[in-house]
Every structure is written in structure tokens, then in C-alpha cells.
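Presented below is the structure to which this report refers.
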Amino acid sequence: YLLDKSDKYDARDVERLQQDDKWVENYLIWRHDVVDDTLKMIDESFQWRKDYTVNDLTESVLPKWLFENGSLFLHGYDKEGYKLFWFRVKHHTRDPKQQLEKKKLVAFWLEHYAKRDHGKPLTVVFDMAETGISHIDLDFVRFIVSCFTDYYPNFLTKIVIFEMPWIMNAAFKIVKGWLGPDAISMLKFTNKSDVQEYISGEYLPPHMGGTDSFKYSYPPLVDDDFQTPLCENGPITSEDEHESKEEIDADTKETGELNEEQNLNQKKMNSIEQISKSEETDKTEIKPKNAKKALTTFKGPLLHISPAEELYFGSKETGEKKCLIVLTNVTKNIVAFKVRTTAPEKYRVKPSNSSCEPGTSLDIIVSLHAGFAASLQDRFLIMAAEMDQSSGAGVPELTQFWKEVPRTKVMEHRLRCHVVESSKPSSLILKENAFNIPAKNNEDLHVQVIAYSFLTRLLQINKRLQEQIERCLWFQQLSVVISLLSVTVVAFCFYL
């Protein structure tokens, strides 16, 4: 094959095939160890990979609207621990002009996952809720099937089809003809009552009977490590240790003085806490050092994280640009952590990749770059994992540690951004004299924050109810008009 078709293959694929035994083994397994069939599949998949430039597919070469559409994404796991590849069929429409780009999007996701998780198989979920004839695209479905049967070997565990409309039965009889006997056995037709035989409720959206509040959006959220590369074209976060000259020049003198005072206040706070800790007799429970009664804290198996859910920033008018995250190591080992964000160009996180000693607390300062404002769409992900005592905690050791640590041993916690317009929770925002406020006032402020959040949610619910009432009134008026017209027509008929 190489002698006759070397120009039809990507040299990177050929090199990988000669070095990656696992890849060769997957081809053999998928073709039941029949060498001739295996060679034919490799030949076809290699030609396809070059035609679709699979090795060079990135977010930047695909149209942005494809990612915003939300018809394809990776999120969650099935009951066997396999990644879920979601196809939201209701977001797909037939359009021959866009077909090639949509197919490349499928290839992008599959290749992205294959490289990230070394070819671990996927479970495909066809979510066909709220779909009809207009969403049927047999050419696109055939391409998806071909990806798993011809191009990506041993890459499919099962296909879960949720609530397939009866009108599509004929179409899926055609699809079954494209699938081999092995793939047909992987088809699982489900509805709301039995889908949890394959996927637990924590990874199912509410309309499928689950409790997963995840909602796909673009730019991507950090709710899932495989929902598009968080920072494909940049660093995980922007760290103070590696600030560019331009960033330093952008900071004003006033901000610099404020930072110095904040650092002094932090040192004072730490020294006071160290004294109080030494006087404590009961050390059975480790608590976050900056925690107050009203400050919510996420209690994870490795770290306690304060705040638990939201980082509070000021709007452009209020101008408050800094927030504090407190991490407390509740294990007997060193815990490595790193912070990821959906908007690395907007935020500076210090430290963003470090470690926390057993039984100690550590402050992470999240600040906005000059000229940027926080957004409700911005998200942060804190990832943590235990390290051996013998392992070093330097940058090279941490880099190597994150490459080798199994995903199952990584604790993850997400934080949202909250933009405060007027009344601001000072205890969560670093500003002048933040640590000089009496404890009683701090607690009152925390109570105000909770009350403010509750009222905000209440207003949002009220707004939604008002919109529903307006829609009902509109339908009622429409019904009255139709009824009057009907009466008029009937009366006119009687008159005739």
C-alpha cells in the first residue's frame, strides 16, 4: 500500500502506525484479527484522514457557528465509565452546503478525544427528543456510522438512541443496513423509563429524567474537561510570575499601591490566625482560615474551597476587580492543584498551578486585567490531586505529575462568576481595608450577600412567570378572536 499510495497518506499517520502497537491492535480487534481486512481498513481510514486533514483540525479552522450550535459535544460518562458523545438531533438541519463542515466537526471531536484519552472507546448518545422529519439527514448519519465502523477502530461501545419518533423507524431500518452485525448489537433504543440502565441520572439532562444541570455553550464552560479545549490557543491561566511587560505597564500606580497594602493585610491576617491556631486544643477538624459562618464552603475529599459556588466581581462602574479563593488541604499528603478558566485573556490567577501542604490553607487571588469586565458566562475549574510525599513540588515536578495522574484520582470543582452592580459582598472581594472590617460586620455582609442572591433568583423566577402569563393572555385573546370569527361565520351561514 505504501509503495502505491504513499502520496494519499499523511506521513504522521504512517509514522504513528509504525510506533503505536495499541493503534495496530485496535484495527486488528475491530476486524477480528483478519489481516487482509485489517489492512484494507487502515488503507481506507488513512486516505480519509488525509482528505479531511484530521491531524490539523482545530477550533480555528472550523466556523464558529458550528460550535455555538450545540448539536455535537462530549460530556459525562456512562455506567461503565465510558465517555458520552452527544448528538442533539433537534439542533441539526439538512443543508448540503454545510455538510462538509459538519462532518469535519465530527472528525474534530473524535480526534480530539482519541488524542486526549489514548483511544479509549466512546458511548454515542442520539438524543432524538423533539425531533421530526425535518431533522432526518441520512447522509450525515451514514458518515457518523462510517467513522466508527471504518475510520476509528475499536472506538465504539454502544449507541444509545433516546426517544426515537415512530416516524423515523423506516429511516433507521436503512441505518441498520449500514451497520455490521457487531455494531447492530450495540444499538440500545431507550426512553425516559429505561435510559438509566446505561447512563446514571447525574449525567442525564432533566428532559431525559436526570439531574445534570450542564448546558452546552460556546465559548466553552469548564463543566467538562472534554467540552472543547478550554485554552487551545493560550495558557491555562495568566500567571503573575510570567507577566509580560505590556501587562505590567497597563497596571496603574494606584493598583500597585493597593496590592502592596493587600499583601501586608494578608500577612497580618495569616500571623493572627497562626497564633490563634497554636492556642487551639481541638485540631480534629481543619477549617478554611478565612471562613465565616455565613460564607459557603465546598467540602471536597481533598480540598475545602471557599467560596463554594460563585466569585463576586464588580461591574465596570463599581470597578472592583479582585476576588479571593481559599483552599484548605484536608488530607495527610501534599495536594497539587491548578485553576482553569474559560477566559484566560481576562483573568490573572496567582497561583494557578501549585501545591498545598497537609493541614494548611492557601489563598488564590483572581484579578481582572485592565480594560476587562467579568461576565456571568465566565467559569473557573479547580482541579486537585494527591501527591506522594517524596515528589517535589516545583514547576517541572508538577508538570510531569499532571501528565501522569489518572483522571479518576482528580477532584474537580467549578465556580461561576457573579457581577455585583451596587451592594457588594466585601468579604469575597479584595479591596482597601478588606481585612480591617470587624468580624460582626463581615458576618452581616455575608447575610446580605445571601439575601441579595436569593432576591436576584426570586426576581428571575418572577420575570419568567410574568412572561408565561403574558403568553397565556395572548393565547386567550387569540382564542376569543377565533371564537368570534367562528360565531360570525356560522351566523352568516344561517343567514344565507
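Quick notes on this one:
- Scan of segment 368-417 for residues that are farther than 29 Å from TYR82 by Cβ and free of Cβ contacts under 8 Å to residues at least 12 places away in the same chain, ordered by number: SER390, GLY392, GLY394, PRO396, GLU397
- Matching strands (runs of 3 or more DSSP E) fully within segment 297-382 where at least 2 residues are assigned by the TED database to the domain that holds LYS409, under 30 Å from TYR216 (Cβ atoms) and open to solvent by less than 30 Å² (accessible area, probe 1.4 Å): 303-306, 310-314, 322-329, 334-341, 347-350, 361-368
- Qualifying residue in segment 452-466 (condition: at pLDDT below 55 and not assigned by the TED database to the domain that holds LEU376): no
- Enumeration of residues in segment 206-227 that are modelled with pLDDT of 55 or more and surrounded by fewer than 20 Cβ atoms within 10 Å (Cβ to Cβ): PRO206, HIS207, GLY209, GLY210, THR211, ASP212, SER213, PHE214, LYS215, SER217, TYR218, PRO219
- Matching residues, segment 57-76, being modelled with pLDDT under 85 and among the aromatic types (Phe, Trp, Tyr): PHE67
- Checking each residue in segment 42-62 for being open to solvent by less than 30 Å² (accessible area, probe 1.4 Å) and either touching a Phe, Trp or Tyr at 6+ places or on another chain (Cβ under 6 Å) or assigned to a loop (DSSP other than H, G, I, E, B) (or both) picks out ILE42, ASP43, SER45, PHE46, TRP48, LEU57, LEU62.
- Within segment 54-87, the residues that satisfy the criterion of being in contact with a strand residue (DSSP E or B) (Cβ under 7 Å, 6 or more places away or on another chain) and without any contact (Cβ under 8 Å) to a residue 40 or more places away in the chain are SER71, LEU72.
- ASP33 being open to solvent by 50 Å² or more (accessible area, probe 1.4 Å) and on the phi > 0 side of the Ramachandran plot: yes
- Residue within segment 118-137 that is open to solvent by 30 Å² or more (accessible area, probe 1.4 Å), within 25 Å of ASN169 (Cβ to Cβ), in a loop (DSSP other than H, G, I, E, B) and not assigned by the TED database to the domain that holds ARG16 present: yes
- Out of LYS97, LYS90, LYS103, LYS22, sole residue that is touching a His at 6+ places or on another chain (Cβ under 8 Å), part of a helix (DSSP H, G or I), open to solvent by 10 Å² or more (accessible area, probe 1.4 Å) and in the same structural domain as GLU163 (by the TED database): LYS90
- Qualifying residue in segment 67-77 (condition: over 18 Å from the mean Cα position of the chain (by Cα) and not polar (S, T, N, Q)): no
- Any pair with Cβ under 9 angstrom, 6 or more apart, that starts in segment 140-165 at a residue that is under 15 Å from ARG49 (Cβ atoms) and ends at one that is of a type in the set (Lys, Arg): PHE143/LYS102; PHE143/LYS103; CYS147/LYS103; TYR151/ARG49; PRO153/ARG31; PHE155/LYS120
The values are calculated or read from the model by the stated rules, or taken from the named source; none is laboratory data. On a predicted model such as this, the values are computed, not experimentally measured, just so you know. Positions of Cβ are generated from backbone atoms using ideal geometry, with glycine treated the same way; all protein chains shown enter the neighbour counts. We work out accessible area using only protein heavy atoms, side chains counted, and drop any ligands, DNA or RNA first. Shrake-Rupley method; radii C 1.70, N 1.55, O 1.52, S 1.80 Å.
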